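Read through the structure below, which is laid out as structure tokens, and then see the notes.
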2 protein chains.
Amino acid sequence: MNAFETRRNRLYDWMAMEGVTLAMFEDFEGRRDPSLRWLTGQPGDALLFLSLNKQSLLVPWDSNMAALYAQADMVIPYAEFDRQPIKALQVAAEIFKIPFGSKVEIPGVTPYPVFLQYVEALNDFDVLCRNSGIQEAAQQLRAIKDEEEIRIYRKAADITNNLITLLENDLRSGKLKTETDVALFIETEGRRQGSDGTGFETLAAGPVRSFGIHAYPPYTGGPFATPGMSILDFGLKYSGYTTDVTLTFVRGALSSHQEKMLALTEKAYKLALSMIEDGVSARKVALSVDALFEKAKKAMPHGLGHGIGLEAHEAPALRSRHDNTWQLKPGMIFTLEPGLYDPLMGGCRLENDILLSDAGAEVLTKARIIRL
Amino acid sequence: MNAFETRRNRLYDWMAMEGVTLAMFEDFEGRRDPSLRWLTGQPGDALLFLSLNKQSLLVPWDSNMAALYAQADMVIPYAEFDRQPIKALQVAAEIFKIPFGSKVEIPGVTPYPVFLQYVEALNDFDVLCRNSGIQEAAQQLRAIKDEEEIRIYRKAADITNNLITLLENDLRSGKLKTETDVALFIETEGRRQGSDGTGFETLAAGPVRSFGIHAYPPYTGGPFATPGMSILDFGLKYSGYTTDVTLTFVRGALSSHQEKMLALTEKAYKLALSMIEDGVSARKVALSVDALFEKAKKAMPHGLGHGIGLEAHEAPALRSRHDNTWQLKPGMIFTLEPGLYDPLMGGCRLENDILLSDAGAEVLTKARIIRL
């Protein structure tokens, strides 16, 4: 049995438990769901139907791509349904002989007006559209990496760490001068070292732009790692999985306020890391960091961290929002990324990728605050 | 009055006509809406509230960024609402003194389970969530570019065309050898020529990978523009607006089947272009191209084209799906991109950016099928 079948089987079990007879996954522009890739290998742009009798139907936009990459019991090109998901769902219900009145689950992200269309078109079925549906179940399964995924992450982290060393050298020597130099070095050298490329658009913000949480534009021809604080946020993909690290490069003497920002950020990072253990509430960790900053009359304008995987932002969430119920568990790989930003002083952030294993927290990547 | 105010005023008029008292725009990961940037200048990650009494409230994730880029009557950081859109909407209703029972419009893409939360939290109001709501009205307005936007597009097209010339030379001479060479050349040279960077991830697929509509991975270390058909799909941003072109590079002798694919693609492109005029149904143009391919026993597995703007895929849609009601109008800028793909022979696509003006169709970009 291959990995895709194993994963689908876990969802068939979930369907049996929940009494869901037919379930649909959707991965198209505007409503991306990497679970579809995780369940079939299809890189994207497809629908997937799972039936309680353990059969899968993939409906790809690009059937040439599916022939090369995807694994499912049946494949029917999207064009045959006039590129309409509702038609595809109706045919899937026929193919799998889903009895009238059965529970049919569509993605929980389905817009309300579209949900109404499904309900009308499938009035012989009980159409479910829930936050806690099968798509969330898949997300929860994906949050715990299997052995192969952890092996992939060790390799992705190695490549990322090699890049960090090279970046430090080339920034110290002045070989890399601008934000664009740095971003394109990562594109080129990351691939040369065996990664698939970057996992998201690199954010390189020199001292005059590092006040932005996510610099806009992501990188420019402006100077990087000149006197002050520069932020570099990047990730490299390997076998589809991306790392996500942030370094702060410091050059020259800083003001005492800037030094305080750096010290607090490092302190927050260490505090968070010290709290990572099996069963800890992700919200509790985030709240502790918020409290640390608040005591120093500072505030972090973003979450503390997030799971990583086929996309840069995945489950679990490590943030202090009241509705965050995630508990950290062995097999999870996630970031810790405290940061502070000041419109005049610039910003700093420190982000590493952490694997929680039975032995505790393991820091896979080697991002840090680097003084040049 | 600045451009943002002018644009918001057009939506206030729409609200008066529709009896909508408060409207919300949302631009966050997973639910992107560039209308927010078009209405305020904020690059992303924010909420925007418009009230019928012509007041706007921006709720940015990054308030440093908002201070630099955004224009709105009021700005309150997202963190003050515990990063919860529903809380922000409730406060906006208070600030703007929205009378109970009024129509309050949330984005039409709001997931059904989230819609239920809005309805519960805002039970004093009539919560609207429609396909044809204010977000679609904004899309329709954005589909018609104003003079400044057209000026921007002429500049973006110039840079794109310069790149096309350079790419042709460097591929012919063999200076650029791999997919990665080509993609990184576009990143570097596009910026050097004054663009903000690429508008989306470049797709560079050499002969062995050009069968994919959207190659995966987008580019690799493999050969590009070697014997056979290679596809290059890229766009360059200028002042936030992106072009979107696709070239097919041909080297060596092709099979008669490959030559037929190329000839049909060019014929389809010319047919579509000849039909572009004020008031033409976009679906009719797409159906004509489908019919041309069908007569030759071929099928194009994707739509004929799409509007471009702050994102690569915007309104209007040029596709043959039954629900496509778009009519082409002066001021629209959109792509035409017929293509054919064969798992054994490879693929070809030709895509240019077209401005429809009162004088007719003007092809802004110079992509073509290039024989090396």
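The values are calculated or read from the model by the stated rules, or taken from the named source; none is laboratory data. None of these values were measured; they are calculated from a predicted model. As a convention, Cβ positions derive from the backbone with ideal geometry for all residues, glycine included, and neighbour counts pool all protein chains shown.
Conditions (1) within 30 Å of A:Asp353 (Cβ to Cβ); (2) out of contact with any strand residue (DSSP E or B) (no Cβ under 9 Å at 6 or more places or on another chain); (3) modelled with pLDDT of 95 or more; (4) among the aliphatic types (A, V, I, L, M), marked per residue:
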| site | (1), (2), (3), (4) |
| --- | --- |
| A:Ile98 | no, no, yes, yes |
| A:Lys103 | no, no, yes, no |
| A:Ile106 | no, no, yes, yes |
| A:Val114 | no, yes, yes, yes |
| A:Glu120 | no, yes, yes, no |
| A:Phe125 | no, no, yes, no |
| A:Cys129 | no, no, yes, no |
| A:Ile134 | yes, no, yes, yes |
| A:Ala138 | yes, no, yes, yes |
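Just one residue in the set B:Gly30, B:Gly19 is closer than 27 Å to A:His302 by Cα and surrounded by fewer than 19 Cβ atoms within 10 Å (Cβ to Cβ); that residue is B:Gly30. Do the conditions hold for B:Leu318, that is, is it of a type outside the set (D, E, K, R) and away from chain A (no Cβ under 14 Å)? When the stated conditions are applied, B:Leu318 does not pass them.
Within segment B:51-78, the only residue that satisfies the criterion of being over 25 Å from B:Val104 (Cα atoms) and either touching an Asp or Glu at 6+ places or on another chain (Cβ under 6 Å) or of a type in the set (D, E, K, R) (or both) is B:Asp62.
What are the residues in segment A:156-182 that are small (Gly, Ala, Ser) and without any contact (Cβ under 8 Å) to a residue 40 or more places away in the chain, if any? Write out each step before concluding.
Residues of segment A:156-182 small (Gly, Ala, Ser): A:156-157, A:173-174.
If the condition is that a residue be small (Gly, Ala, Ser) and without any contact (Cβ under 8 Å) to a residue 40 or more places away in the chain, then A:Ser173, A:Gly174 are the ones that fit.
Can you confirm whether A:Gly228 is under 24 Å from B:Asp181 (Cα atoms) and among the small types (Gly, Ala, Ser)? No, not satisfied. Is it the case that B:Glu187 is within 21 Å of the chain's Cα centre (by Cα), surrounded by fewer than 19 Cβ atoms within 10 Å (Cβ to Cβ) and without any contact (Cβ under 8 Å) to a residue 40 or more places away in the chain? No, not satisfied.
Only residues that are within 14 Å of chain B (Cβ to nearest Cβ) and basic (Lys, Arg) were counted across segment A:215-257, and they come to 1.
Out of all the residues in segment B:181-193, is one or more acidic (Asp, Glu), out of contact with any strand residue (DSSP E or B) (no Cβ under 9 Å at 6 or more places or on another chain), part of a helix (DSSP H, G or I) and within 14 Å of another protein chain (Cβ to nearest Cβ)?
Looking for residues that are acidic (Asp, Glu), out of contact with any strand residue (DSSP E or B) (no Cβ under 9 Å at 6 or more places or on another chain), part of a helix (DSSP H, G or I) and within 14 Å of another protein chain (Cβ to nearest Cβ), one finds at least one in segment B:181-193, hence yes.
Here's the yes/no breakdown for (1) touching a His at 6+ places or on another chain (Cβ under 9 Å); (2) buried (at least 18 other Cβ atoms within 10 Å of the Cβ); (3) touching a residue at least 40 places away in the same chain (Cβ under 8 Å):
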{"position": "A:Leu271", "(1), (2), (3)": "no, no, no"}
{"position": "A:Asp278", "(1), (2), (3)": "no, no, yes"}
{"position": "A:Leu310", "(1), (2), (3)": "no, yes, yes"}
{"position": "A:Glu314", "(1), (2), (3)": "yes, yes, yes"}
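Taken together, the residues in segment B:219-269 that are in contact (Cβ under 8 Å) with a residue 24 or more places away in the chain and outside any loop (DSSP other than H, G, I, E, B) amount to 31.
Determine which member of the set B:Ala121, B:Ala137 is under 30 Å from B:Tyr241 (Cβ atoms) and either of a type in the set (A, V, I, L, M) or crowded, with 23+ Cβ neighbours inside 10 Å (or both). I'd like the intermediate steps shown before the answer.
On the way: B:Ala121 fails: under 30 Å from B:Tyr241 (Cβ atoms).
Sole residue among the options that is under 30 Å from B:Tyr241 (Cβ atoms) and either of a type in the set (A, V, I, L, M) or crowded, with 23+ Cβ neighbours inside 10 Å (or both): B:Ala137.
Whether any residue in segment B:257-277 is at pLDDT 95 or above and at positive phi is what I want to check. No, there is no match, as no residue in segment B:257-277 is at pLDDT 95 or above and at positive phi.
None of A:Ile159, A:Ile164 is under 24 Å from A:Ile370 (Cβ atoms), part of a helix (DSSP H, G or I), modelled with pLDDT of 95 or more and touching a Ser or Thr at 6+ places or on another chain (Cβ under 7 Å) except A:Ile159. Pairs are defined by a Cβ separation below 9 Å, a sequence spacing of at least 6 or placement on different chains, a first member in segment A:61-88 that is facing chain B (nearest Cβ under 10 Å), and a second member that is acidic (Asp, Glu) and outside any loop (DSSP other than H, G, I, E, B); the pairs so defined are A:Asn64/B:Asp342.
Every residue in segment B:89-116 that is part of a loop (DSSP other than H, G, I, E, B) and more than 14 Å from chain A (Cβ to nearest Cβ), please. Show your work before the answer.
Going residue by residue through segment B:89-116, those that are part of a loop (DSSP other than H, G, I, E, B) are B:96-102, B:106-110.
Matches in segment B:89-116: B:Phe96, B:Lys97, B:Ile98, B:Pro99, B:Phe100, B:Gly101, B:Ser102.
Against the test of being acidic (Asp, Glu) and more than 27 Å from A:Ser281 (Cβ to Cβ), the options A:Asp353, A:Asp342 yield a single qualifying residue, A:Asp342.
Within segment B:194-214, being more than 10 Å from chain A (Cβ to nearest Cβ) and not in a loop (DSSP other than H, G, I, E, B) holds for B:Leu203, B:Ala204, B:Ala205.
With A:Ala282, A:Ala291 as the choices, which residue is more than 14 Å from chain B (Cβ to nearest Cβ) and within 22 Å of the chain's Cα centre (by Cα)?
Working: A:Ala291 fails: within 22 Å of the chain's Cα centre (by Cα).
Of A:Ala282, A:Ala291, the one residue that is more than 14 Å from chain B (Cβ to nearest Cβ) and within 22 Å of the chain's Cα centre (by Cα) is A:Ala282.
Among residues of segment A:38-56 being within 14 Å of chain B (Cβ to nearest Cβ) and surrounded by fewer than 23 Cβ atoms within 10 Å (Cβ to Cβ), the one that is farthest from A:Tyr112 (Cα to Cα) is A:Gly41.
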